[in-house]
Amino acid sequence: MTDTLGRRLAVRVLGGPTALFTYGGLTFLTDPTFDEPGEYPVPRGLLTKTAPPAAAPADLGRVDVVLLSHDEHPDNLDRAGRALLADVPLTLTTPGGGQRLGGGARGLADWEPVRLDRPDGGSLTVTGVPAIHGPLDRAEVEPITGQVVGFVLTGDGLPTVYVSGDNASLDAVEQIAARFGPVDTAVLFAGAPRFPILFDGRTIVLDSAQAAKAAEVLGARQVVPVHYDSWSHFTEGRDALIAAFTAAGLRDRLTLGERG
């Protein structure tokens, strides 16, 4: 599969939120997590990784751009992922993350575009889009779970690709659909992660039914879910996603990706 208009984008799914794809001749990597299983401390406790990544950084080849939804949680950027950033020319992330990471990191505000040169001539655009890492409005969520950004990729003769990042807001998805829909491929972070101590146990990223609804709102021709395995706080996995998309009549749009 290629990234020409009207075709399904080939996405290599590596576990957790991490996926690799080629778009406009550039290789993009989402939220790099390559550490081994174990416990990882966070301010309010521990996150437990339950499965190793499907590939190591050395197996990926050249990565041109990292699309990093946020840098503050180890299930989105771990130690090995941070080390990888030093070898990547450009990391696009939140405004705060761009300041914290330095080097090749650049923060994008909501609706802020950045133009990237394509190897074969011409350009493509990555636009930062809204994301909210929890079930309430941004002002209530960000002091607890931090700032998050999603991304939309566009270019002449290229499909429209949406990478949601750790977003739980269907209102944000509706805003994105109004500007960019329909999209050709949506890489949706799902998994219904939840913690009893946060937001009364409500999900802080899309659950499976919300992912199906997001696909409908976006008019997505293909949906590649990530962020639903390899961590104990992800409460809905592959089977729940298949069931939700089947119930919504969207099973034919769901692509579970080329893993490994």
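Nothing in this text is a laboratory measurement; each read-out follows from the coordinates by a stated rule. As the structure is a computational prediction, the values presented were derived from the model and not from experiment. Positions of Cβ are generated from backbone atoms using ideal geometry, with glycine treated the same way; all protein chains shown enter the neighbour counts.
Rank Gly103, Gly122, Gly134 by mean-square fluctuation in a GNM of the chain with C-alpha springs under 10 angstrom and give only the top-ranked residue.
The residue with the greatest mean-square fluctuation here is Gly122.
Amide H of Leu26: which non-local residues (sequence gap of 5 or more, or other chain) have their own amide H closer than 5 Å, using H built in the peptide plane?
none
Where does the chain land at 222 nm, in deg cm²/dmol rounded to the nearest 500, when only DSSP H runs of n ≥ 4 count, each adding -39500 (n - 2.57), divided by all residues? Can you show the working numbers first?
On the way: 6 runs with 54 residues, N = 260.
The per-residue figure over the chain is -6000 deg cm²/dmol.
Compute from the Cα atoms of the stretch 81-148 the Rg and the Dmax, the latter being the longest Cα-Cα distance, and quote both in angstrom.
14.1, 44
Test of understanding: what is the full-extension gain from Phe195 to Ala80, defined as 0.36 nm times their sequence separation minus their Cα-Cα distance? Each step should come with its number before you reach the end.
Details: separation 115, 0.36 × 115 = 41.40 nm, distance 2.50 nm.
Result for the pair: 38.9 nm of gain on full extension.
Largest first and in whole Å, what are the equivalent-ellipsoid semi-axes of the stretch 11-259 based on the Cα gyration tensor, each being the root of 5 times an eigenvalue?
Values: eigenvalues 111, 94, 66 Å².
Three semi-axes, in Å: 24, 22, 18.
May I ask what percent, to the nearest 5, of DSSP beta bridges between residues of the chain are antiparallel? Could you put the intermediate results ahead of the total?
Details: 29 of 49 bridges.
Of the beta bridges lying entirely in the chain, close to 60 percent run antiparallel.
Taking only the alpha-carbon atoms of the stretch 160-222, what semi-axes of the equivalent ellipsoid follow from 5 times the gyration tensor eigenvalues under a square root, in whole Å, largest first? Don't jump to the answer; show the numbers that get you there.
Numbers: eigenvalues 106, 21, 15 Å².
Each semi-axis is √(5λ); the values are 23, 10, 9 Å.
How high is the FRET efficiency from Ala10 to Asp117, r the C-beta distance, R0 25 Å, rounded to 0.05? Mind dumping the intermediate values first?
Details: r = 22 Å, r/R0 = 0.89.
With a Förster radius of 25 Å, E is 0.65.
For Leu47, which sequence-distant residues (separation of 5 or more, or a different chain) have an amide H within less than 5 Å of its own amide H, given hydrogens modelled in the peptide plane?
Under 5 Å from the amide H of Leu47: Tyr40, Val42.
Report Rg/Rh for the stretch 53-194, rounded to two decimals, where Rg is the Cα radius of gyration and Rh the Kirkwood radius.
Details: Rg = 15.0 Å, Rh = 15.8 Å.
Rounded to two decimals, Rg/Rh equals 0.95.
Say each of Thr246 and Gln175 gets a label point 7 Å from the Cα, pointing the same way as Cα to Cβ; how far apart are those two points in nm?
Between Thr246 and Gln175, the label points sit 3.6 nm apart.
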